[in-house]
Each structure stands twice: as C-alpha cells, then as structure tokens.
Amino acid sequence: MTAETGTDERKARLGRLTFRAWRRGFREADLVLGPFVEREGAGLTDQEISDFETLLSQDDDHRIYAWIIGAEPTPEEFETPVMTRIRDFMRAHVAQAVADGAG
C-alpha cells in the first residue's frame, strides 16, 4: 500500500463516518457526532477511527448520547480515548453554542 492509497482510504473512511454521524436518527446525537467527526476526524488515530466506527455501529442512539453526557455509565468496551475526545468536544461545542446565543 502506498502512502497515497492509505490517505485515499482514510479519506473515504472518514467520509463514510461523517455521513453516518450526521444521520443517526436522534437529533441530539447528530449534533454532537456530526460536528465532532467533521472538526476532529482528520486528527484521529487509526485506532480512534476504529473505535468511532464501533460506536456508530450501535443501534441505540439514545444510549450513545446518554454515555456522552454521562447520564448512563459507558460500557467498558466503549470507554475509549475517542469517547473522551467526544465528551471534551461536546462540552466545548455546547459551551460555544451557548456563548453564541443558542438556547
């Protein structure tokens, strides 16, 4: 595999993740996961991308959102560095939206 092929594959993978993150079916999850992958995706490690893919493979968006906001304990298999990054992003994203006049 050449570096260019790897880059093309990574871009395609992130593109699929962006699509899936924005179309969860639960708006609150969309508004965290979509912007997260758009703004942070390029900086994710390969392992973080894999962990994000695993997270998005879960069908219960309400539960994913509950894990992100801390309303429910996160199962061990989802308590990953990418989950920490999502939580940090959400706190910063929501704080910025409120500062900009949302809510």
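Is at least one residue of the stretch 55-73 touching a Ser or Thr at 6+ places or on another chain (Cβ under 9 Å), surrounded by fewer than 12 Cβ atoms within 10 Å (Cβ to Cβ) and polar (S, T, N, Q)?
There is no residue in the stretch 55-73 that is touching a Ser or Thr at 6+ places or on another chain (Cβ under 9 Å), surrounded by fewer than 12 Cβ atoms within 10 Å (Cβ to Cβ) and polar (S, T, N, Q).
Could you say which residue among 79, 53, 72 is more than 22 Å from residue 39 (Cα to Cα) and modelled with pLDDT of 95 or more? Before you say what the answer is, go through the steps one by one.
Details: 79 fails: more than 22 Å from residue 39 (Cα to Cα); 53 fails: more than 22 Å from residue 39 (Cα to Cα).
Just a single option satisfies the conditions, and that option is 72.
Is it fair to say residue 46 is at pLDDT 90 or above and either surrounded by 14 or more Cβ atoms within 10 Å (Cβ to Cβ) or in contact with a strand residue (DSSP E or B) (Cβ under 7 Å, 6 or more places away or on another chain) (or both)? Full working, then the answer.
On the way: at pLDDT 90 or above: yes; either surrounded by 14 or more Cβ atoms within 10 Å (Cβ to Cβ) or in contact with a strand residue (DSSP E or B) (Cβ under 7 Å, 6 or more places away or on another chain) (or both): no.
Spelling it out, it is not the case that residue 46 is at pLDDT 90 or above and either surrounded by 14 or more Cβ atoms within 10 Å (Cβ to Cβ) or in contact with a strand residue (DSSP E or B) (Cβ under 7 Å, 6 or more places away or on another chain) (or both).
Could you figure out which of (1) without any contact (Cβ under 8 Å) to a residue 40 or more places away in the chain; (2) assigned to a helix (DSSP H, G or I) isn't true of residue 32?
Unmet for residue 32, out of (1) without any contact (Cβ under 8 Å) to a residue 40 or more places away in the chain; (2) assigned to a helix (DSSP H, G or I): (1).
In this structure, does residue 94 turn out to be in a helix (DSSP H, G or I), β-branched (Val, Ile, Thr), at pLDDT below 95 and surrounded by fewer than 17 Cβ atoms within 10 Å (Cβ to Cβ)? Don't jump to the end; show me each part of the working.
Numbers: in a helix (DSSP H, G or I): yes; β-branched (Val, Ile, Thr): yes; at pLDDT below 95: yes; surrounded by fewer than 17 Cβ atoms within 10 Å (Cβ to Cβ): yes.
Yes: the conditions hold for residue 94.
Identify all residues within the stretch 37-60 that are under 19 Å from residue 77 (Cβ atoms) and either part of a helix (DSSP H, G or I) or under 11 Å from the mean Cα position of the chain (by Cα) (or both); write none if there are none. Walk me through how you get there before you give the answer.
Here is the first cut: in the stretch 37-60, the ones under 19 Å from residue 77 (Cβ atoms) are 44-60.
Once the filter is applied, which keeps residues that are under 19 Å from residue 77 (Cβ atoms) and either part of a helix (DSSP H, G or I) or under 11 Å from the mean Cα position of the chain (by Cα) (or both), the stretch 37-60 yields 44, 46, 47, 48, 49, 50, 51, 52, 53, 54, 55, 56.
The values are calculated or read from the model by the stated rules, or taken from the named source; none is laboratory data. As the structure is a computational prediction, the values presented were derived from the model and not from experiment. Ideal geometry is used to build each Cβ from the backbone, glycine not excepted, and the neighbour counts take in all protein chains shown.
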